[in-house]
Amino acid sequence: MNMNRVSDVLNTVWKRIYDNLFQDVKLLLYLMVLIAIYRIAFIVIMEAYWEDTTTWADVWTAFAKGWLLSYQTTGYLAGISFIACTALSLVWEKGARSLRMVIGSVYAILLSVLFVARMPYYAQFKMGFNQLIFNTLRDDTSALTATIHEQYNLVFLVGAAIVLSYIAIVCLVRLLKKKVIPLPDMGSRIGNLSAKVAIIALVYHISVFCGNCGGMSYLDYFNWENAGVTNDQLLNEAILDDGQALYRAYVCQERLEWSSGMNINEEELRAHALALSDGTVADPRTLDECLVKTAAGATRPRHVILIIAESYANWPLEDAYKDLHIGDGMRSIIAQPNTAYVDRMLPNGYCTIAGIMGCLTGFSDVNLYMNYLPQTYKEVYSTSLAPQMQRLGYRPVFFYGGPPSWEAVRDFTLSQGYEKFYGQSDYGNVTGNVWGCDDKHLFAEVLRALEQEESGFYTIMTTSNHSPFSVWLEGEGYPEDVVHKNLTDKQKDDWTLTKSLGHYWYADKYMAEFIKDVQKKFPDTLIMVVGDHADRMNLEATPRLYERYAVPLIVTGKHVTKNLFPKDAAGSHINILPTLIELCAPKGFEYTSVGTSLTKGSNIGYSYGYWITAEEMGYTDRAEEREAIDPTRAVKKSIPWETIEREIVRGRSVSWWRIEKGNTEFGAQ
């Protein structure tokens, strides 16, 4: 009697395992089909971003590769459902069926929402979801929502996500309600045992098959890192379903944190810091002493102005794009005999706040948001720009076109030595949008302040060249017809591109007019202009690294000459601070910085993910991949990867340590 009862229990357990396996195999196939539909839709809807040479054969290749990669995504998702529902079914079979409906519905909603969100995300960043999403919650969410609403029609996107989610859930419910094919009775104990062994083997093989992306051995395995098999950026991104893209974002974030210097010891730190020293302190005993440098000497200007220009990419200033006439204002400044120009510059990070932090503190982007770190508000970093300019006799003031609360920028700048901060709310009822006032009003405020200042250091952060692109361009005289006639037929169909180009033109125009006004009224003023980042606006759907990421550095002033910088000068935001001090400090003035002045031989620039030299650009995590900046020339590798990597590791390690652990004291050597 007891044996029969045990046998009945085991049969019930096996039946429920089988029933759950059957249902979750259906769930897996459902998810595969849903992801495939969204993948095809994404590729077709985003056709404007295809390379000109892309064919439907390439599309098929991307679809097939993506289908295989999605086995891994759906395998994990279905596996979660199988484990949870099978466990619950052993005690509550009806509850297990309901749980699967809930889990499947959550998957359907998430995939539908991510599909809708992916298109505007790609349009903005030319990638699927990446590590930039980790900064989203730190941003001004109300302004971000308003931008999405105005630029991408948020109501439509939300509506589309709701409709797609509803349709997906209806299809799922109908599929899961279909009857399970019963577990066959093999007619004998050995036969039934063999069937159960086959079920266990099937579960194992499904797990291996999904884990290896549609293969049965590790030789078949591939992942998001090597899934890009086409020559089209959009198709390579489409290969990654949204689950894979989010996983990529997570892994890249983890790698960035790992590479930020956390795994070095004090001995390695000291070696890195000494390599960044110019020997000013003969026997440095602290990290800060290692970073002390001595100015070569310059004629002191009355005022110093640093303009950090929103989304101000370098490519419109190149001769190849001069017929667009969107960069004519600053091109006229660059042409002046008292202006020097470095076109081999990279931003510090992905976004504006990373650029501000790099310029104001001189620290490399190591994924530490100093504007939210408690230690930032306990001390002024020794490398911070404002107090060092103050030692030179300048009153540091920060002008921002946007709201002071954005990214805690007011609190951050004041904590790092600025005496005064002005934001959007200080400029009165002027035109603008949720991100800030129009640039012409911002520059007008700075001009008024200059007239009242004896000797000031003004840092200006502009905002107009930013979505939702709300400036009334027609009223400002935007030559849309001139710009439009120099676009390709494909580009002419993209009205958002024409509008974004117009806002670059607007930002360029008023920045140049401001500089000319300052030159006329305050000729003894040094002005430096640098873009906060690029990578938000390009003519090409898949631009080369240089066109995509490079920002300009423009310096103009009474004592500036064309040969101010060496021909091979290259840098990033961490070189702004030492360069600026070298251009206005007397000989012998000691200052502290991680980076080297562009006037003193900086020939390697690096950012969160890329490096640049006078001739080439590449990735900070890919030793062998680099592009010639001049597409007509071959890659020379004139600066070996080992040298570039060493420079990156030194700057990142010292920056991370100084922010996170402070001014470490070293023992006697």
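The values are calculated or read from the model by the stated rules, or taken from the named source; none is laboratory data. Keep in mind that this is a model prediction, so the values were computed, not measured. Every residue, glycine among them, receives a Cβ derived from its backbone with ideal geometry; neighbour counts consider all protein chains shown. Protein only, heavy atoms only, side chains kept; ligands, DNA and RNA dropped before computing areas. Shrake-Rupley method; radii C 1.70, N 1.55, O 1.52, S 1.80 Å.
Under a 1.4 Å probe, what is the accessible area of the chain per residue, stated in Å²?
Averaged over the residues of the chain, the accessible area is 44 Å².
Please list 3J(HN,Hα) in residue order for region 567-578, calculated via the Karplus relation 6.51 cos²θ - 1.76 cosθ + 1.60 where θ = phi - 60°; whole Hz, with x for glycine and proline.
5, 9, 4, 8, x, 8, 4, 6, 8, 5, 4, x
Once label points are set 7 Å from the Cα along Cα→Cβ at both Ala320 and Thr12, what is their separation, rounded to one decimal in nm?
My value for the distance between the label points is 7.2 nm.
About the Cα centre of the chain, what is the dipole size in debye to 20, counting +1 per Lys and Arg Cβ and -1 per Asp and Glu Cβ, all else neutral?
Rounded to the nearest 20 debye, it is 1760 debye.
With θ taken as phi - 60° and the coefficients 6.51, -1.76 and 1.60, list the Karplus ³J(HN,Hα) couplings across region 230-240 in order, rounded to whole Hz; mark glycine and proline as x.
10, 9, 10, 4, 5, 5, 5, 5, 5, 4, 7
Hey, what did the chain get for relative contact order, percent, Cα under 8 Å, at least 6 apart?
19 percent
Quick one: 3J(HN,Hα) in Hz for region 49-54, Karplus 6.51/-1.76/1.60 with θ = phi - 60°, rounded, Gly and Pro as x.
Along region 49-54, the couplings run 9, 5, 5, 4, 8, 5 Hz.
From the Cα gyration tensor of region 319-396, with a ≥ b ≥ c the square roots of its eigenvalues, which class applies: rounded if a/c is under 1.5, or else prolate if a/b is larger than b/c, or else oblate?
Since a/c reaches 1.5 but b/c is at least a/b, the shape of region 319-396 is classed as oblate.
Distance from a point 7 Å along Cα→Cβ of Arg646 to each backbone N in region 603-620: keep the residues under 16 Å and list them by number.
603-605, by backbone N distance to the label point.
How much FRET efficiency would the formula 1/(1 + (r/R0)^6) give for Lys587 and Ala64, where r is the Cβ-Cβ distance and R0 is 60 Å, rounded to 0.05?
Approximately 0.35, to the nearest 0.05.
With labels modelled as points extended 7 Å from the Cα through the Cβ direction, what inter-label distance (nm, one decimal) is found for Gln375 paired with Asn263?
Placing both labels 7 Å beyond Cα along the Cβ direction yields 2.0 nm.
Multiplying the sequence separation of Ile80 and Val33 by 0.36 nm and subtracting their Cα-Cα distance, what value in nm do you get?
Length gained, Ile80 through Val33: 15.1 nm.
How would the chain be classified by its alpha-carbon gyration tensor: rounded, prolate or oblate, with rounded meaning a/c under 1.5 and the a/b versus b/c comparison settling the rest?
prolate
Just how large is the dipole of region 487-592 about the Cα centre, in debye to the nearest 20, putting +1 at every Lys and Arg Cβ and -1 at every Asp and Glu Cβ?
The calculated dipole for region 487-592 is roughly 300 debye.
Checking the a/c ratio against 1.5 first, then a/b against b/c, what shape does the Cα gyration tensor give for region 248-389?
The shape class here is oblate.
How high is the relative contact order of region 1-113, in percent, with contacts defined as C-alpha pairs under 8 Å that are six or more residues apart?
37 percent
Among the DSSP beta bridges whose two residues both lie in the chain, what percent are antiparallel, rounded to the nearest 5?
Expressed as a percentage, antiparallel bridges in the chain total about 50.
Let me have the relative contact order for region 395-511, percent, based on Cα pairs under 8 Å that are six or more residues apart.
With pairs under 8 Å counted, the relative contact order is 29 percent.
If you filter region 495-603 for trypsin sites (Lys or Arg not before Pro), then keep DSSP loop positions with at most 10 other Cβ within 10 Å, what is left?
Lys567, Lys587
Return the calculated 222 nm mean residue ellipticity for the chain, to the nearest 500 deg cm²/dmol, obtained by summing -39500 (n - 2.57) across DSSP H runs with n ≥ 4 and dividing by the residue count.
-16000 deg cm²/dmol
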